[in-house]
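Computed from the coordinates by the stated procedures, all read-outs in this text should not be read as laboratory data. Computed from a predicted model, the values in this text were never measured in an experiment. Positions of Cβ are backbone-derived with ideal geometry, glycine not excepted, and every protein chain shown enters the neighbour counts.
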Amino acid sequence: MSRILIIEDDRAIALGLRLNLRRDGHEVRIAQDGETGLRMALEPDVDLIVLDVMLPGRNGYELLKEVRKQGSTASVLMLTAKGMESDKILGLKLGADDYLSKPFGLGELLARVEALLRRRPAAPEKSTVIRFGPVEVDLDRQIVTRDGSTVDVSPQEFRVLRLFLTSNGRALSRDDILARCWGAEYEGTPRTVDNFVRSLRVKLELNAEEPGHFLTVRGHGYRFER
């Protein structure tokens, strides 16, 4: 399963692409502005980015330049309403792998995505089992055990847990967690995140009142520590 990030400020386009890419078996996230898109693009598990040029906050060219500067090897398919050859050349020079002008056919975009994913080198085999304290999490099989016994976690709890485990100890804001685990279109509040973190603490910490793994970052959000 490939992990795809869509950075597109047109909500209808973003949701339509996500629906169809998920049908093809991909895990899909959405960002609707340049700053959020940049943060999500730099996550280590992103395989491919569908990147619109015209974005609020930071345009697609600026975002692409920074993503490549930071060393990301994710494939990038740029989308733009501009059909000028000079715009395409600029995107390719900055590190885009392919370019598609709006309006585009859905079938062509899906075919280009699959072609880009086929070109990516095979990822080295690595363990998908993460352990902390008495807890063992199998990310591929989505199984959580504690002291050898299975822990019942909901699909949404597992999404939040996966984000913490793959964040490499970085502090995550409540808004970031909402966007990545519920989607950019979700209209919940930061309290939603607090409730899910509380649930994970109860199920996985030795002492939920004095957590040693799911830590609060005051004024910001949370971070995970093994």
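What angle do you read, to the nearest 10 degrees and between 0 and 90, between the alpha-carbon axis of helix 190-204 and the longest principal axis of the chain?
Between helix and principal axis, roughly 50 degrees.
When a footprinting reagent is the concern and you count Cβ atoms within 10 Å, what order do His220, His26 take, fewest first? Intermediate values should be presented prior to the final figure.
On the way: His220 13, His26 18.
By the 10 Å Cβ count, ascending, the order reads His220, His26.
Round to the nearest 10 and give me the degree value, 0 to 90, for the angle of helix 155-165's Cα axis relative to the longest principal axis of the chain.
Long axis of 155-165 versus the principal axis of the chain: about 90 degrees.
Calculate how steeply helix 60-69 sits against the longest principal axis of the alpha-carbon atoms of the chain, using the helix alpha-carbon long axis, and give the answer as 0 to 90 degrees to the nearest 10.
Helix 60-69 sits roughly 60 degrees off the main axis of the chain.
List every residue whose amide H lies under 5 Å from the amide H of Leu206, counting only residues 5 or more places away in sequence or on a different chain, with H placed 1.01 Å from N in the peptide plane.
For Leu206, whose amide H was placed from the backbone, the distant partners under 5 Å are Gly212.
So, in the chain, how many Lys pairs have Cα atoms under 17 Å apart, if the pair is 8 or more places apart or on different chains? The partial results should precede the final answer.
Numbers: Lys65/Lys88; Lys65/Lys93; Lys69/Lys93; Lys82/Lys93; Lys82/Lys102; Lys88/Lys102.
Lysine pairs meeting both conditions in the chain amount to 6.
Sorted by mean Cβ packing within 10 Å, highest first, what order do the peptides 153-166, 202-215 take? All intermediate terms of the calculation are to be shown ahead of the outcome.
On the way: 153-166: 17.1, 202-215: 14.5.
Per-residue mean Cβ counts within 10 Å order the peptides as 153-166, 202-215.
When a footprinting reagent is the concern and you count Cβ atoms within 10 Å, what order do Leu17, Leu109 take, fewest first?
Leu109, Leu17
Could you please rank Tyr99, Tyr222, Tyr186, placing first whichever residue has the fewest other Cβ atoms within 10 Å of its Cβ?
Details: Tyr99 18, Tyr222 23, Tyr186 11.
Fewest to most other Cβ atoms nearby, the residues stand as Tyr186, Tyr99, Tyr222.
Treating the Cα atoms of the chain as identical point scatterers in vacuum, please give the log10 of the normalised Debye intensity I(q)/I(0) at q = 0.13 Å⁻¹, two decimals.
Taken in order of the listed q values, log10 I(q)/I(0) reads -0.80.
Quick check for me: using +1 on Lys/Arg Cβ and -1 on Asp/Glu Cβ, what's the dipole size of the chain about its Cα centre, in debye to the nearest 20? Walk me through the numbers on the way to the answer.
Numbers: 35 positive and 35 negative charges, 60 e Å.
Result for the chain is approximately 280 debye, rounded to the nearest 20.
Note down the net charge around Glu43, summing +1 for each Lys or Arg and -1 for each Asp or Glu among other residues with Cβ under 9 Å from its Cβ.
Numbers: positive: Arg3, Arg29, Arg39, Arg180; negative: Asp45.
Charge balance near Glu43 sits at +3.
Would you mind listing how long the range 25-88 runs along its three principal axes, going by Cα atoms, in whole Å with the largest first?
32, 27, 20
Explain nothing, just the number: dipole magnitude of the range 129-224 about its Cα centre with +1 on each Lys and Arg Cβ and -1 on each Asp and Glu Cβ, in debye rounded to the nearest 20. Before the final figure, lay out each step's value.
On the way: 14 positive and 14 negative charges, 42 e Å.
That gives the range 129-224 a dipole magnitude of about 200 debye.
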